[in-house]
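Below: the structure, in structure tokens.
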Amino acid sequence: MHRRAAIPRSLLTRPTLARVRQLALIGTGWSLIGLGALMSPLPGPFGFPVALAGGGILLRNSADARRLFVRLKRRHPRLLSPVERIRVKLRHRRNAAKAKAAATA
């Protein structure tokens, strides 16, 4: 006789607000990358900053995107060094703001 498999309890729980927020940010990141690609043929540098912002959002919220970025960075370091410099600068700025907020609190 064939017995049905029980539904895992993890599928029965409702997604938490943090997971929904993370999925929304991942969708926003991909949308901005797509919008940047569509804007790239326009005159002016409009497409690259939009796509870069989408990539930043995606890198902060997706482990798969981070793994892919690290792999590409190791294969093509000269190509992605400007992006890495921007990431490091923003990370230092964010950490300094956190330290300043902690010192004042």
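Of the DSSP H helices in the chain, those with a Cα length along their own long axis of 27 Å or more and a mean Kyte-Doolittle hydropathy reaching 1.0 comprise 17-39. Solvent exposure of region 25-105, expressed per residue, is 75 Å² of accessible area, with all protein chains present and a 1.4 angstrom probe. Keeping the other protein chains in place, figure out the carbon and sulfur percent of the accessible area of the chain, with a 1.4 Å probe. On the chain, the fraction of accessible area on carbon and sulfur atoms equals 65 percent.
Here, region 31-105 yields an orientationally averaged convex hull projection of 6.6 nm² when only Cα atoms define the hull. As I understand it, the dipole of the chain uses +1 on the Cβ of Lys and Arg and -1 on the Cβ of Asp and Glu, about the Cα centre. Which of His92, Thr28, Ala103 lies farthest toward its positive end? Of the options given, the answer is Ala103.
All C-alpha pair distances within region 51-93, sorted into 5 Å bins from zero, spread as 5, 22, 30, 30, 11, 0 percent across the bins.
The values are calculated or read from the model by the stated rules, or taken from the named source; none is laboratory data. Every value quoted in this text rests on a predicted model; they were computed, and no experiment measured them. As a convention, Cβ positions derive from the backbone with ideal geometry for all residues, glycine included, and neighbour counts pool all protein chains shown. Note: accessible area is taken over every heavy atom of the protein model, side chains too, but ligands, DNA and RNA are not part of it. Shrake-Rupley method; radii C 1.70, N 1.55, O 1.52, S 1.80 Å.
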